[in-house]
2 protein chains.
Amino acid sequence: HQTPEDEEDAWQDDEYFGNYGTLRLHLEMLSDKPRTETYRRVILGNSAALRGKVVMDLGCGTGVISLFCARLAQPAAVYAVEASSMAKHTEELVRQNGCEEVVTVFQDRAENLTLPGKVDVLVSEWMGNCLLFEYMVESVLLARDRWLKEGGVMWPSSACLTVVPCQAFSDYRQKMEFWEKPYGLDFTYLQSLAQKEFLSQPKFSHLLLPEDCLSAPADVITLDMVTIQVSDLERLNGGFSFNVDKSGVFHGFTVWFSAHFQSLEEDGPTQELNTGPFSEITHWKQTLFMLDTPVTVEEGDIIVGSICLQRNPVWRRHLSITFSWNINSTEDKKVQTKCFPMWR
Amino acid sequence: HQTPEDEEDAWQDDEYFGNYGTLRLHLEMLSDKPRTETYRRVILGNSAALRGKVVMDLGCGTGVISLFCARLAQPAAVYAVEASSMAKHTEELVRQNGCEEVVTVFQDRAENLTLPGKVDVLVSEWMGNCLLFEYMVESVLLARDRWLKEGGVMWPSSACLTVVPCQAFSDYRQKMEFWEKPYGLDFTYLQSLAQKEFLSQPKFSHLLLPEDCLSAPADVITLDMVTIQVSDLERLNGGFSFNVDKSGVFHGFTVWFSAHFQSLEEDGPTQELNTGPFSEITHWKQTLFMLDTPVTVEEGDIIVGSICLQRNPVWRRHLSITFSWNINSTEDKKVQTKCFPMWR
Ligand SMILES: [Ca+2]
Ligand SMILES: [Ca+2]
């Protein structure tokens, strides 16, 4: 599977949308309360301003966000768009919840979509691991350019990638130190293999403990959902400079994202979904990128560097993430770099 | 993937042995202390009797059992057999641990194996989920028939499948009841889909709490590793009669296995690896089979029935497990049955 057979295959859409045709992922997302309740709270908090508005819910899945709109506000219409075969069930759920006057389901992909007209609000839950993985965001931007009215609102209106240098003793112990003397045997020979197999790709579903942060986290990349262009997604860069605020072992970087929902009303409060270690756990959890070799750091050390998210030019839902860093930058210390494919 | 393309494909050996060519599964198995330490304890407890014996370790993986033999006893020779590409690393591990005089690695499949001679002991960790899944046991029996001396010892010498009727409130809540009123919406329409998707196959990696057992467990099938034949594996049946010892909700059956290691010395103690809910957690955990509809049961109720493990005639590493049961057997109550593919 190194080369896609044609352009469609490069998006792996059969696999991608196939996964959303069964309940497993929908149950996982719906069971994620911080996620789902953020959308509910955003709609409830904007219910007055939503009156008479036209809303598009892109990638609506079971239609939960569309149903929130119809039940908690009085929009003129909600266009619930879902490309996977879940759409036929969504239609039935809309009826069962008495929302068929307001919510219309469109089983279509963003690129092929034809709607009755433009929309005032485009709401979507498109965020993946490390924010961008699977690049559903591209579909959201296509839909925006085609169907959002001039001055319309995007929900989320911005999204932000956050990084922190961290400890990960238990991961390092279980995957690398384990080989040192299991059951009295010497398996150190396998450590180079283990490094290649376990540390070369990020660990999804990591749960970072706040006490394993070696510094305050830094927002490294921000996407303005109104202005960002599809072409900007090819390569995103961000810099960081972390002040180590306690001595410890620098095992790697942990990454997560936050999404921000502007108010429809001027000066209304912005709402936030934060998937980091200081917020309630979401189904995204966090993503851990481990260094090949841990480094002891002291309070007061400075870790300066950058992160680069490079979209795979062939496999369009994949990317690689490269970290470059340098501790207490001096001329004689050279910059370290490590590139993590995710997944290709 | 409904029909294998040829007979080899029916064993899915590229996938099966491919998985054992990387470290992930080996790390999982080695990190399983109850498992690995049982083998260590068996060898240590038989170290005197192992002196001068020839041992075969089939599917040796990283060679941990072979190394235990060489380091904790004084066998004449250990033949460490591994079909996957891990074998080349195993050879190096044997050298690193100074056991190359005793342990010889053979990268070969059981069917094609040529050894210098017959063996006194055939040790293997062949057990899968529900004991039989993946049917590595067939390779063990082939190796036994070809290479075990008359009167030789099998480790494990017997293995047993155990069943208990149980509660599984949290699984039922998360997968079925969830749809009743999530976020104030009515998603009951999805329950039939959820039943089909989540309850039709067993749940591997279940952790049964002792207090969720509705009765004492029953051993339903026992394999005598010296006498059982490959053809016996096609269909294995066992009966049960459970006395419900506390009122509760009968959500399904939980299944696990134990493996028994006879002593090489007459009257020596048999050692046991038990993967059930009353023993330390292993990487196999337990396997949960959920009924379509939970049934309230009372103390004193009797659940009578049977379990049948039917090997898939096409996909040779797969099976289906059928439960038949009847509560407080009376003429007017008909027998319930449910068949679970695992996985095909
Ligand atoms: Ca998502
Ligand atoms: Ca096994």
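The values are calculated or read from the model by the stated rules, or taken from the named source; none is laboratory data. Since we're looking at a predicted model, the values are computed, not measured. As a convention, Cβ positions derive from the backbone with ideal geometry for all residues, glycine included, and neighbour counts pool all protein chains shown. Keep in mind that these areas ignore ligands, DNA and RNA; they rest on the heavy atoms of the full protein, side chains included. Shrake-Rupley method; radii C 1.70, N 1.55, O 1.52, S 1.80 Å.
Summary of computed values
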quantity	calculated
Rounded, prolate or oblate (a/c below 1.5 giving rounded, otherwise prolate when a/b exceeds b/c) for segment A:92-220 by Cα gyration tensor	prolate
Added length on full extension, which subtracts the Cα-Cα distance from 0.36 nm per residue, residue B:324 to residue B:207	39.8 nm
Average Cα contact separation per residue, chain B, under 8 Å, 6 or more apart, as relative contact order %	17 percent
Segment A:168-181 - phi-based ³J(HN,Hα) in whole Hz, Karplus 6.51/-1.76/1.60, Gly and Pro as x	8, 4, 5, 5, 5, 5, 5, 9, 10, 5, 3, 6, 5, 7
Placed amide H near residue A:61: partners under 5 Å, 5+ positions off or other chain	none
Over segment A:217-284, relative contact order from alpha-carbon pairs under 8 Å, at least 6 apart, %	20 percent
Helix-only mean residue ellipticity at 222 nm for chain B, each DSSP H run of n ≥ 4 adding -39500 (n - 2.57), per residue, nearest 500	-6500 deg cm²/dmol
Loop trypsin sites (Lys or Arg not before Pro), segment A:131-183, which have at most 15 other Cβ atoms in a 10 Å radius of their Cβ (DSSP)	none
Percent RCO, i.e. relative contact order, over segment A:274-344, from Cα pairs under 8 Å lying at least 6 residues apart	24 percent
Nm distances between copies for residue B:263, ranked from closest, using label points 7 Å along Cα→Cβ	8.0
For residues of A:185-192, the mean tally of beta carbons on other chains within 10 Å	6
Peptide B:23-32, shielding by other chains (average Cβ, 10 Å cutoff)	4
Diffusion coefficient, µm² s⁻¹, Stokes-Einstein with Kirkwood Rh over alpha-carbon pairs of chain A at 20 °C and 1.002 mPa s	99 µm²/s
Solvent-accessible heavy-atom area per residue, rounded to whole Å², over the protein assembly as shown at 1.4 Å	43 Å²
Relative packing of A:120-127, B:134-141, B:182-189, which averages over residues the other C-beta atoms within 10 Å, highest first	A:120-127, B:134-141, B:182-189
Segment A:77-155: Cα Rg divided by the 2.2 N^0.38 Å rule of thumb	1.13
Cut-off under 5 Å, modelled amide H: who pairs with residue B:80 long-range	B:57, B:104, B:105, B:106
Local net charge near residue A:230, Cβ-Cβ under 13 Å (Lys/Arg +1, Asp/Glu -1)	0
Shape of segment B:11-52, Cα gyration tensor, a/c cut at 1.5	prolate
Spatially close lysines, pair count over chain A: Cα under 18 Å, gap of eight or more or interchain	9
Share of carbon and sulfur in the accessible heavy-atom surface of segment A:7-82 [1.4 Å probe, %]	45 percent
Calculated label separations, residue A:48, copies of the chain, 7 Å along the beta-carbon direction, nm	8.9
Average partner coverage of A:321-329, which counts Cβ from other chains inside 10 Å	0
Shape call, segment A:118-170: gyration tensor on alpha carbons, a/c limit 1.5	prolate
Residue-wise HN-Hα coupling along segment A:44-54, computed from phi with Karplus coefficients 6.51, -1.76, 1.60 (Hz; x: Gly, Pro)	4, x, 10, 5, 5, 5, 7, 4, x, 7, 9
Accessible area buried, both sides summed, chains A and B with 1.4 Å probe, Å²	3300 Å²
FRET E, pair residue A:118, residue A:224, Förster distance 30 Å, beta-carbon r, rounded to 0.05	0.90
Peptides ranked, highest mean first, by Cβ atoms within 10 Å: ranges B:52-64, B:69-81	B:52-64, B:69-81
Label-point separation, residue B:200 to residue B:100 (7 Å along Cα→Cβ), nm	5.4 nm
With DNA, RNA and ligands ignored, accessible area of residue B:267 (1.4 Å probe; Å², nearest 10)	150 Å²
Nm distances between copies for residue B:28, ranked from closest, using label points 7 Å along Cα→Cβ	1.6
Taking N as its residue count, the alpha carbon Rg of segment B:238-321 over 2.2 N^0.38 Å	1.43
Per-selection Kirkwood Rh - segment A:152-214 (Cα, Å, 1 d.p.)	14.6 Å
Chymotrypsin sites (Phe, Trp or Tyr not before Pro) lying in DSSP loop within segment A:260-313, provided at most 10 other Cβ fall within 10 Å	A:278
Accessible-area composition of segment A:108-163, carbon plus sulfur, in percent [1.4 Å probe]	44 percent
From phi via Karplus (6.51, -1.76, 1.60), per-residue ³J(HN,Hα) for segment A:313-325 in Hz, x at Gly/Pro	x, 9, 8, 6, 9, 10, 8, 10, 10, 10, 9, 10, 7
Cβ-based net charge around residue A:297, under 12 Å, with every Lys or Arg adding one and every Asp or Glu removing one	-3
Accessible carbon and sulfur surface of segment A:179-271 relative to its total accessible area, %, 1.4 Å	48 percent
Residue of chain B whose Cβ sits closest to the axis mapping B onto A, with distance in whole Å	B:205, 7
Cβ-based net charge around residue A:261, under 9 Å, with every Lys or Arg adding one and every Asp or Glu removing one	0
